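Structure first, commentary second.
The values are calculated or read from the model by the stated rules, or taken from the named source; none is laboratory data. Everything numeric here is computed off the predicted structure, so don't read it as measured data. Because the Cβ atoms are built from the backbone with ideal geometry, glycine has one as well, and the counts that use them run over all protein chains shown. Surface accessibility is based on the protein's heavy atoms, side chains included, excluding ligands, DNA and RNA. Shrake-Rupley method; radii C 1.70, N 1.55, O 1.52, S 1.80 Å.
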Amino acid sequence: MSRQSSSLLAIAAVTLALIPAPALAHTTPTPTPPAGKAAAAKKTPKPVDCTQVKCIALTFDDGPGKYAGTLLDTLKKYNAKATFFLEGQYVKSRPSYVKRMAEEGHELGNHSYKHPKFTEIEPWAIRSEIKKTQDEVKKAAGVEPKILRPPYGLADLQVTEVAAEFDMPIVLWTAGSRDWDTKNVEAIKKQTLEIAEQDGIILMHDWVKQTVDAMPSIVKTLQSRGYHLVTVSEVVKKQDLKPGDVFPLPQGWEN
Ligand SMILES: [Zn+2]
């Protein structure tokens, strides 16, 4: 478009804006945007860029737990995403939750098959724990986890080497809800909201009923504080993690 024609357009726009209100007075009141259209636009998922907006990742370990269905309902209601670090043995017994998690846009991580301490078992046993869980998740949801969180967050050089064989970085957490310890709705809410921070990775458990009960209030409050609840991979994207990397680095680990 030439400069001249764009100037003309600009003049036209100004002219329209300057039409005095009375000229429009005989018409019906300015219609509000159709509600249906606005609502539909709102529902279209937009990619969230955590370098531009305030993000936080809620992560649920050891599941799918008994209450995963209720938790998924809550997340869906508030259009929030979460990450589930799954235990293979429960993926096997509750595959439908895992399928739903994947379908509803949540992230699936590997959290071993039966929750042994990876720092106390042989590399072949670590491999077997990871592989069996990958296979169960694939069977249940058609996708394979791309991140690992070893049980208790315990990792050493050997664990990172096995993780690298599976092309997975290790993702731990920045703070814990202590839900497994308090098992109290108010305490879980208070602790979670206290530790919430930009790009935080919060450790929770979907086998704790009180966590699932506290979730509507936690999600609403976080969103009212401007947080986007996203998957953990969104939050760590800027770290550019490579297979075998650990994030955040545990105390005492050198970068
Ligand atoms: Zn665990």
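Worth pointing out:
- Picking from residues in region 53-93 that are assigned to a loop (DSSP other than H, G, I, E, B) and surrounded by fewer than 19 Cβ atoms within 10 Å (Cβ to Cβ), the one that is nearest to the ligand (Cβ to nearest atom) is Lys66.
- The condition of being at pLDDT 95 or above and in contact with an Asp or Glu (Cβ under 6 Å, 6 or more places away or on another chain) holds for only one of Thr74, Thr70, Thr119, that being Thr119.
- Within region 169-183, restricting attention to residues that are hydrophobic (A, V, I, L, M, F, W, C) and in a loop (DSSP other than H, G, I, E, B), the residue that is most open to solvent (accessible area, probe 1.4 Å) is Trp173.
- Every residue from region 141-158 that is in a helix (DSSP H, G or I), under 17 Å from Ala125 (Cβ atoms) and within 14 Å of the ligand (Cβ to nearest atom): Pro151, Tyr152
- Note on region 159-168: residues that are open to solvent by 20 Å² or more (accessible area, probe 1.4 Å) and either assigned to a strand (DSSP E or B) or in contact with a helix residue (DSSP H, G or I) (Cβ under 8 Å, 6 or more places away or on another chain) (or both) amount to 3.
- Every condition in (1) exposed (fewer than 15 other Cβ atoms within 10 Å of the Cβ); (2) within 14 Å of the ligand (Cβ to nearest atom); (3) in contact (Cβ under 8 Å) with a residue 12 or more places away in the chain is met by Tyr113 except one, and the failing one is (1).
- Residue identified as in a helix (DSSP H, G or I), within 16 Å of the ligand (Cβ to nearest atom) and more than 15 Å from the chain's Cα centre (by Cα) among Thr221, Thr211: Thr211
- Selection status of Glu103, of a type in the set (Asp, Glu), more than 16 Å from the ligand (Cβ to nearest atom), free of Cβ contacts under 8 Å to residues at least 60 places away in the same chain and touching a helix residue (DSSP H, G or I) at 6+ places or on another chain (Cβ under 6 Å): no
- Here Glu129, Glu186 are screened, and the one residue that is open to solvent by 50 Å² or more (accessible area, probe 1.4 Å) and not hydrophobic (A, V, I, L, M, F, W, C) is Glu186.
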